[in-house]
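J.: First the structure, which I've put down as structure tokens, then a few questions once you've had a look.
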Amino acid sequence: MTTEPTVSRLFPTDVRAVNVGLAMFAEAPAAHGATMAALDWRPPAEGDREVGLLLARIEDDPADRVGRQVGAANAEALSRLLAAQPLLLDVRPASEAMGLVGRTLLHSGPPIAWDRMCGPVRGAIVGAILFEGWAASAEEAEALADSGGVEFEPCHHHAAVGPMAGVVSPSMPVVVVENAAAGTRAHATLNEGLGKVLRFGAYDASVLDRLRWFRDVLGPTLSAALQASGPIDLRSLTGQALQMGDEGHNRNIAATSLFVRMLAPWIVRTTDTATAAGVLDFLRANDHFFLNLSMAACKSALDAAHGIPGSSVVTAMSRNGVDFGIRLSGTGDQWFTSPVGVPDGLYFPGYGPEDANPDLGDSAITETFGIGGFAMAAAPAIVRFVGGTAADALEFTRLMGRITLGRNPSYALPSLAFAGTPTGIDARRVVDSGIAPVINTGIAHRQAGVGQIGAGIARAPLGCFAEGIRGLAATLGITPGGATAAEPAAAVGSAATGLGR
Amino acid sequence: MTVHARVFRNSYRDSVELMRIAAEIEGLGGITRAGLVMATPANREVLTEAGLLAEAALDAGPNDLVVAVAADDDGAANIALDRAAERLSGTEEGPTAGETRTSWRTIAEGVADLGGADVALISTPGTYATAEAFKALKRGVNVFLFSDNVPIEDEIELKSLAVSRDLLLMGPDCGTAILDGVPLGFANAVRRGDIGLIGASGTGLQQVSCLIDRAGAGVSQAIGVGGRDLDARVGGTMMLAALRRLDADPGTRVIVLISKPPAEAVARLVLEAAGSLKTPVVVNFLGGDPAVVRASGLIPARTFEAAADTAAALSRGEAISDDGTVGAPVDDDPFGSAREVAGPAIASLQPGQWRIRGLFAGGSLSGEAKLVLGWALGAEAAKAHEVLDLGDDEYTVGRPHPMIDPRLRNEHIVAAADDPSTAVILLDVVLGYGAHVDPAGALVRAIRDARQRAAQAGRSLAVVASVCGTDADPQDRSRQEAILAAAGVILAPSNAQAAGIAASIAAAATSRTEEHPRHTAIGAAP
């Protein structure tokens, strides 16, 4: 009697294989019925072998101490991001809301000394010194900065974010946004509109007059209206705006309109007619007024996800016109920086890339939270800035989905079957894939005060993400050759020697 | 009838989208009515009128999204609410027609796209291969590591990680494997069967698998372990793991081990492990001592062909005899059967032609050829001949491997023809996936060229070759053999037999060359 021979099997189903490297090796397995994923592989970390190994050693891995920790930390970071509920509470002077006192000025981006600052930031600082009355002329203001008479610190170190130069001085009114889910607060100045504005480094009389009007009229008026209306839910407002063609960074017309619609009755009720008319005229004429609110909302959400040991989630991306800096949830106050480039984009008539300042501002906080360039699918109207089509807009959002941990159901994108915005940038995925975050951005003239000369998109430089992985691995006691002796032995590979470096 | 609701605080969604989801969950079994609304005062009234304002939704406000269902029972309600939550979380649908899905870049993406993977084929430059292998193993994926130049310390750590996860780490520098009938790397299209192969050598595995196929048997699995696995530092980790795997596989009834002779301690470990299995194991430690193998209760085989024939006999159910052999006597001395084939070639050689020039693409095949020449001619005499492994790093720096690109070997063939002492050119022709599309065709051009140059110098050349492949291979073994035969190449059914024929020619030519000077001297005397 014969029995059917048992067919040998190592795997329960038809073979599923990933091909990493030579494309020809994908052909034969596929011809024999294997399901193949043939990777478009390239060396991770732009070919830095050490960072590539660090990355591999901090991959999610339930069977490994470090892999478990990083996976759990990132899950926690994502859940905090998705739970965020930013509410606009008030508009108060920075001195009051943020405790910004003495001769301290805040600027956008990672830390930078006065002598390294770019033109627009230096101009904005001169303007802020004049606005505060610490000097009587531009020359005096520069001399004061030269002599070390002013402290400079990043907005990000003070729970604040600022577009472009991002300069905040104590008397400037700032929006106070609180993430009700975590209690984190974030602040931002009021948006000045386009043309000659401080954030592009202009400081003539019209700029300083506007800042004074903000301080004396706009700030107090908005504050009174907000006290009457109660907190405004910025998550819900942003969610609606994303379905109306905004992406929350370079297009804010829908969100600004919704905001004005909500607040206008309360402005009228809480101030005199002439003041109300002045304030409403200003808001009506500034399509970008909501940008600063959007930024503060994102900052309040990201700060709640910051400081989780082991997490590789990016909690800030920011530029000061010289350096591009990022922070990771798991690496505390460290900044990881790379030189910043000029964005690709379209220029206003008479200007070109040679006039452009390298990318500038804290506004990439919106992309860090998954809107802006990450939500390009919501805003086909502005995809022209990248010379693209509506299909390209969808592709940008999909691409960003490959470097993020999840989707934000509060920010549904109709054009992608109501998928949420890609949220929770994982620095590991950026470094592994070489897919750089997309940032929608305005382009500043390199000279102070000329203003915006174009708009476009920038890709974050990959180098700072690789440095971030290096920094995170160090906090976990991981070297390219494995876990260091100082750390408890990892569950795997502990018996092995180093990796030959 | 029961009414359930779930509230998504501060989640705005357009009403059109909400109605679409409501319609979808209303269509689920056990659901009589469903409503998804932003809980504005007006919408709350709608819910109340519909009898859907469940207790859970009583405190919902205008910024809150309410999902409410009237259901036959709690189970149906929960299924519907879960489905709504899933739809609201917005899992993106795949690309629609006309859109291009960008190809994945990372193992993480590839594995996710496949919904889990069984094996990763890694052939990146060696400097990046370790990191890629780690990523695959950490995702529970077996690794076929083709890359070379991977530090041995990395190999040790990767294999220890693989063993702790019950995964295979095949390599580094692993040329071939066949898993569940799927060929990886440079593999041949061989019949499936019940013989499991484990090899530390690429072309050795290929040769054994092809000869098993020719013998009418088939391969269950072929697992490469990398050339350094039986190094004392690696300790045969993966060969031991593969032995356990195949012993546990009900579809594998015979196991063949293939390697260069391992470090002594490792050999002991491997043989001991193999000896304790319930599956019979044929061992081909090329050039190793058969007595040691026999002492462990295993079946030694001197050549790849002997290993294949013995395994095939076991697969057919033939018994192991007391002296450890199986089935009909295996031709372990190819030298004997070679004489008649070699005869005509010997006759046409000129005096002074005595030397074998072995030009190999396969490293293990060149190793086996050297051994056979040693057995046939005696170790000392064999040293005078030349057997080159042209796939060795020494020759492949900055050039493709000769299994892919025939040019390097062709140059050597022509150069060998210019040497007046060359009597025999001995070749391997390796077919299969990844190999050159027509290696025989590429070779015969060089062979004709070589013959012509030799003829101009008044000499003829014997060319002996074996084809490592099957008729099912993309290059078709029969077709390749026909091309070679038409060019006057002496064909052997195996690499060992080809070496035997070459040895036979060389032995005859050498004795003639030694006699010849005396003839000349005598002839010239008068």
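J.: Could you please give the count of residues in the stretch A:288-303 that are under 17 Å from A:Ser329 (Cα atoms) and touching an Asp or Glu at 6+ places or on another chain (Cβ under 7 Å)?
T.: Start the filter on the stretch A:288-303 by keeping residues that are under 17 Å from A:Ser329 (Cα atoms), which leaves A:298-303.
In the following step, the residues that additionally are touching an Asp or Glu at 6+ places or on another chain (Cβ under 7 Å) were identified as A:300.
Residues that pass the stated criteria total 1.
J.: While we're on this one: Being within 25 Å of the chain's Cα centre (by Cα), assigned to a helix (DSSP H, G or I) and surrounded by fewer than 23 Cβ atoms within 10 Å (Cβ to Cβ) narrows it down to one residue among A:Ser257, A:Ser206; which is it? So that I can check it myself, show each step before the final result.
T.: Details: A:Ser206 fails: within 25 Å of the chain's Cα centre (by Cα).
After applying the criteria, what remains is A:Ser257.
J.: Just name the residue that is surrounded by the most Cβ atoms within 10 Å (Cβ to Cβ) out of those in the stretch B:295-333 that are among the aliphatic types (A, V, I, L, M), modelled with pLDDT of 80 or more and in contact with a strand residue (DSSP E or B) (Cβ under 6 Å, 6 or more places away or on another chain).
T.: B:Ala311
J.: Residue check, A:Ala26 against (1) within 27 Å of the chain's Cα centre (by Cα); (2) more than 7 Å from every other protein chain (Cβ to nearest Cβ); (3) small (Gly, Ala, Ser), all met but one. Which one?
T.: Looking at each condition in turn, A:Ala26 falls short on (1).
J.: Additional query: Among the residues of the stretch A:31-41, which ones are charged (D, E, K, R) and more than 7 Å from every other protein chain (Cβ to nearest Cβ)? Give the steps one after another, and end with the answer.
T.: Of all residues in the stretch A:31-41, those charged (D, E, K, R) come to A:40.
Passing the criteria: none in range.
J.: Can I ask one more? Scan the stretch B:107-135 for residues that are at pLDDT 95 or above and more than 7 Å from chain A (Cβ to nearest Cβ) and jot them down.
T.: Within the stretch B:107-135, B:Ala129, B:Ala133 meet the criteria.
J.: Tally up the residues in the stretch B:216-246 that are in a loop (DSSP other than H, G, I, E, B) and basic (Lys, Arg), please. Please lay out each step first, then the result.
T.: Of all residues in the stretch B:216-246, those in a loop (DSSP other than H, G, I, E, B) come to B:216-218, B:225-236.
Within this subset, residues satisfying the condition of being basic (Lys, Arg) are B:228, B:233.
Residues that pass the stated criteria total 2.
J.: Find all pairs meeting these conditions: Cβ atoms under 8 angstrom apart; at least six residues apart or on different chains; first residue within the stretch B:425-436 and free of Cβ contacts under 8 Å to residues at least 40 places away in the same chain; second residue in a loop (DSSP other than H, G, I, E, B).
T.: So the pair list comes out as B:His436/B:Met403; B:His436/B:Ile404; B:His436/B:Asp405; B:His436/B:Pro406; B:His436/B:Gln475.
J.: How many residues does the stretch B:214-227 hold that are surrounded by fewer than 24 Cβ atoms within 10 Å (Cβ to Cβ) and out of contact with any helix residue (DSSP H, G or I) (no Cβ under 6 Å at 6 or more places or on another chain)?
T.: Total meeting the criteria: 4.
J.: Would you pick out the residues in the stretch A:234-255 that are among the small types (Gly, Ala, Ser) and facing chain B (nearest Cβ under 10 Å)? If you could, list the steps in order and put the result at the bottom.
T.: Within the stretch A:234-255, the first condition is being among the small types (Gly, Ala, Ser), and the residues that meet it are A:236, A:239, A:241, A:245, A:248, A:254-255.
A:Ser236, A:Gly239, A:Ala241 - these are the residues of the stretch A:234-255 that are among the small types (Gly, Ala, Ser) and facing chain B (nearest Cβ under 10 Å).
J.: Inspect the stretch A:139-146 for any residue being touching a residue at least 24 places away in the same chain (Cβ under 8 Å) and either among the acidic types (Asp, Glu) or crowded, with 24+ Cβ neighbours inside 10 Å (or both) and give the result as yes or no.
T.: yes
Let's see how each residue does on (1) touching a residue at least 12 places away in the same chain (Cβ under 8 Å); (2) under 30 Å from B:Val254 (Cα atoms):
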site	(1), (2)
A:Pro12	no, yes
A:Val15	yes, yes
A:Val18	yes, yes
A:Gly21	yes, no
A:Glu46	yes, no
A:Glu50	yes, no
A:Gly71	no, no
A:Ala77	yes, no
A:Leu88	yes, no
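J.: Further, regarding this structure: Restricting attention to the stretch B:259-268, does a residue exist that is surrounded by fewer than 21 Cβ atoms within 10 Å (Cβ to Cβ), modelled with pLDDT of 95 or more, away from every other protein chain (no Cβ under 14 Å) and not in a helix (DSSP H, G or I)?
T.: no
J.: Another question, then. Are any residues in the stretch A:103-124 more than 23 Å from the chain's Cα centre (by Cα) and without any contact (Cβ under 8 Å) to a residue 60 or more places away in the chain, and if so, which ones?
T.: Residues satisfying the conditions are A:Arg103, A:Trp114, A:Asp115.
J.: While we're looking at this one, here's another question. Provide a single number: the residues in the stretch A:42-74 that are more than 7 Å from chain B (Cβ to nearest Cβ), part of a helix (DSSP H, G or I), over 24 Å from the mean Cα position of the chain (by Cα) and not aliphatic (A, V, I, L, M).
T.: Residues that pass the stated criteria total 5.
J.: Here is a follow-up. With the requirement that a residue be more than 20 Å from the chain's Cα centre (by Cα) and crowded, with 24+ Cβ neighbours inside 10 Å, what does the stretch B:112-137 give you? Quick ask: steps written out before the conclusion?
T.: Quick first cut of the stretch B:112-137, residues more than 20 Å from the chain's Cα centre (by Cα) only: B:112-116, B:127-128, B:131, B:135.
Once the filter is applied, which keeps residues that are more than 20 Å from the chain's Cα centre (by Cα) and crowded, with 24+ Cβ neighbours inside 10 Å, the stretch B:112-137 yields B:Tyr128, B:Ala131, B:Lys135.
J.: Please enumerate the residues belonging to the stretch B:445-499 that are part of a loop (DSSP other than H, G, I, E, B), of a type in the set (Ser, Thr, Tyr) and surrounded by fewer than 20 Cβ atoms within 10 Å (Cβ to Cβ). Talk me through it step by step, then tell me what you get.
T.: Residues of the stretch B:445-499 that are part of a loop (DSSP other than H, G, I, E, B), as a first pass: B:457-461, B:469-476, B:487-489, B:493-494.
Checking which are of a type in the set (Ser, Thr, Tyr) leaves us with B:460, B:470, B:494.
Scanning the stretch B:445-499 gives a single hit, B:Ser460.
J.: Within the set of pairs 6 or more residues apart or between chains, which connect a residue that is within 14 Å of another protein chain (Cβ to nearest Cβ) and closer than 15 Å to B:Leu197 by Cα inside the stretch B:219-235 to a residue that is of a type in the set (S, T, N, Q) and surrounded by fewer than 24 Cβ atoms within 10 Å (Cβ to Cβ) with Cβ atoms less than 8 Å apart?
T.: Filtered contacts from the stretch B:219-235: B:Ser220/A:Ser8; B:Ser220/B:Thr252; B:Gln221/A:Ser8; B:Gln221/B:Thr252.
J.: I would also like to ask the following. Scan the stretch A:405-439 for residues that are in a loop (DSSP other than H, G, I, E, B) and within 16 Å of the chain's Cα centre (by Cα) and jot them down.
T.: Quick first cut of the stretch A:405-439, residues in a loop (DSSP other than H, G, I, E, B) only: A:417-418, A:434-437.
The answer is A:Ile435, A:Ala436, A:Pro437.
J.: So, one more: Hey, B:Val67 hits all of (1) at pLDDT below 85; (2) surrounded by 14 or more Cβ atoms within 10 Å (Cβ to Cβ) but one; which does it fall short on?
T.: (1)
J.: If only one of B:Gly363, B:Gly358, B:Gly336, B:Gly367 is closer than 24 Å to B:Thr176 by Cα, of a type in the set (Gly, Ala, Ser) and at pLDDT below 95, which one is it?
T.: Residue meeting the stated conditions: B:Gly363.
J.: Would the stretch A:276-297 turn up any residue that is part of a helix (DSSP H, G or I) and charged (D, E, K, R)? Spell out how you get there, then give the answer.
T.: Going residue by residue through the stretch A:276-297, those that are part of a helix (DSSP H, G or I) are A:276-285, A:289-297.
Now drop any that are not charged (D, E, K, R), which leaves A:281, A:284.
Yes, the stretch A:276-297 contains at least one residue that is part of a helix (DSSP H, G or I) and charged (D, E, K, R).
J.: Under the condition of being within 13 Å of another protein chain (Cβ to nearest Cβ) and touching a strand residue (DSSP E or B) at 6+ places or on another chain (Cβ under 7 Å), which residue from the stretch A:418-443 is surrounded by the fewest Cβ atoms within 10 Å (Cβ to Cβ)? Break it down stepwise before answering.
T.: Filtering the stretch A:418-443 for residues within 13 Å of another protein chain (Cβ to nearest Cβ) gives A:418-423, A:426, A:428-436.
Of the ones still in play, those that are also touching a strand residue (DSSP E or B) at 6+ places or on another chain (Cβ under 7 Å) are A:418-423, A:426, A:436.
Numbers: A:Phe418: 23, A:Ala419: 23, A:Gly420: 25, A:Thr421: 32, A:Pro422: 30, A:Thr423: 28, A:Asp426: 25, A:Ala436: 16.
Ranking the candidates gives A:Ala436 first.
J.: Take A:Asn292 and tell me if it is at pLDDT below 95 and either buried (at least 19 other Cβ atoms within 10 Å of the Cβ) or closer than 24 Å to A:Asn179 by Cβ (or both). If you could, list the steps in order and put the result at the bottom.
T.: Working: at pLDDT below 95: no; either buried (at least 19 other Cβ atoms within 10 Å of the Cβ) or closer than 24 Å to A:Asn179 by Cβ (or both): yes.
No, not satisfied.
J.: Follow-up. Across the stretch A:460-484, which residue is surrounded by the most Cβ atoms within 10 Å (Cβ to Cβ) among those that are at pLDDT below 95 and in a loop (DSSP other than H, G, I, E, B)?
T.: Among residues in the stretch A:460-484 that are at pLDDT below 95 and in a loop (DSSP other than H, G, I, E, B), the one surrounded by the most Cβ atoms within 10 Å (Cβ to Cβ) is A:Pro480.
J.: State whether one or more residues within the stretch B:163-181 are in a helix (DSSP H, G or I), of a type in the set (A, V, I, L, M, F, W, C) and more than 8 Å from every other protein chain (Cβ to nearest Cβ).
T.: Step one: list which residues in the stretch B:163-181 are in a helix (DSSP H, G or I), which gives B:163-164.
Subset that is of a type in the set (A, V, I, L, M, F, W, C): B:163.
Then keep just the ones that are more than 8 Å from every other protein chain (Cβ to nearest Cβ); that gives B:163.
Yes: the stretch B:163-181 contains one or more residues that are in a helix (DSSP H, G or I), of a type in the set (A, V, I, L, M, F, W, C) and more than 8 Å from every other protein chain (Cβ to nearest Cβ).
J.: Any residue that is surrounded by fewer than 24 Cβ atoms within 10 Å (Cβ to Cβ) and among the charged types (D, E, K, R) - is there at least one of those in the stretch B:174-190?
T.: There is at least one residue in the stretch B:174-190 that is surrounded by fewer than 24 Cβ atoms within 10 Å (Cβ to Cβ) and among the charged types (D, E, K, R).
J.: Being surrounded by fewer than 21 Cβ atoms within 10 Å (Cβ to Cβ) and among the hydrophobic types (A, V, I, L, M, F, W, C) is the requirement here; does A:Ala72 meet it? So that I can check it myself, show each step before the final result.
T.: Working: surrounded by fewer than 21 Cβ atoms within 10 Å (Cβ to Cβ): yes; among the hydrophobic types (A, V, I, L, M, F, W, C): yes.
In short, yes.
The values are calculated or read from the model by the stated rules, or taken from the named source; none is laboratory data. Note that this is a predicted model, so its numbers are computed, not measured. Here the Cβ is made from the backbone with ideal geometry for all residues, glycine too, and neighbour counts use every protein chain on show.
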